[in-house]
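Taking it in order: structure first as structure tokens, then the write-up.
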Amino acid sequence: MDLSNLKPAEGSTKPKKRTGRGQGSGRGGTATRGHKGAQSRSGYSRKFGFEGGQMPLYRRVPKGGFKNINRKEYRGINIDALQKLAEESKITVINLEVLIENGLAQKNDLIKILGRGELNAKVEVTAHAFSGTALTAIEAQGGVATKI
């Protein structure tokens, strides 16, 4: 057996219905579209969400909430990740470039240091924002937290 002689199992496929090919085909005339109306015309396409004239779901359900266009989206990095970085790579100065190199952030991310985990290393951290617990944890070890 090879790819040149593969075919579906016997009886598993049927030929396509060829409609609108004259009266002799048995599917001429209206070509299975019924009589008159939008759906019988060429070029008809049903509007997305159309429910046969019933009020569609997307109009029955009320709108809710809003999107704040001024929201700043931060990438959260916990201090346990900084501790791991300090242990494995022996890094004491942690900034954007170091985080990008180690795959913890991407080039255009705004970075916020969060307080999950324990920090035992003295590190100098530069980021866009710090949570209160992260700030106290860094300073408790004699480290420096600098906001960009």
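What follows draws every value from the coordinates through simple rules; no lab data is involved. The structure displayed is predicted, hence computed values, not measured ones. Cβ sites come from the backbone with ideal geometry, for glycine too, and all protein chains shown count toward neighbours.
Between Arg60 and Thr146, the contour length at 0.36 nm per residue exceeds the alpha carbon distance by 25.9 nm.
Here the stretch 86-125 is treated as a sphere whose radius is the Kirkwood value from Cα pairs; by Stokes-Einstein at 4 °C and 1.567 mPa s it diffuses with a coefficient of 116 µm²/s. For the listed peptides 109-121, 39-51, a ranking on the average number of other beta carbons within 10 Å per residue, highest first, reads 109-121, 39-51. Beta bridges from DSSP with both residues in the chain: antiparallel share about 5 percent, rounded to the nearest 5. In terms of distances greater than 18 angstrom between alpha carbons, the cross-link table entries Lys67/Lys112; Lys72/Lys112; Lys90/Lys122 yield Lys67/Lys112. If the Kirkwood radius is taken over C-alpha pairs of the stretch 74-147, then at 20 °C and 1.002 mPa s the Stokes-Einstein diffusion coefficient equals 182 µm²/s. The H on the amide N of Leu119, modeled in the peptide plane, is under 5 Å from the matching H of no residue at least 5 residues off or on a different chain. Its Cα gyration tensor gives the chain an equivalent ellipsoid, and the semi-axes of that ellipsoid, as √(5λ) in whole Å with the largest first, are 65, 27, 12.
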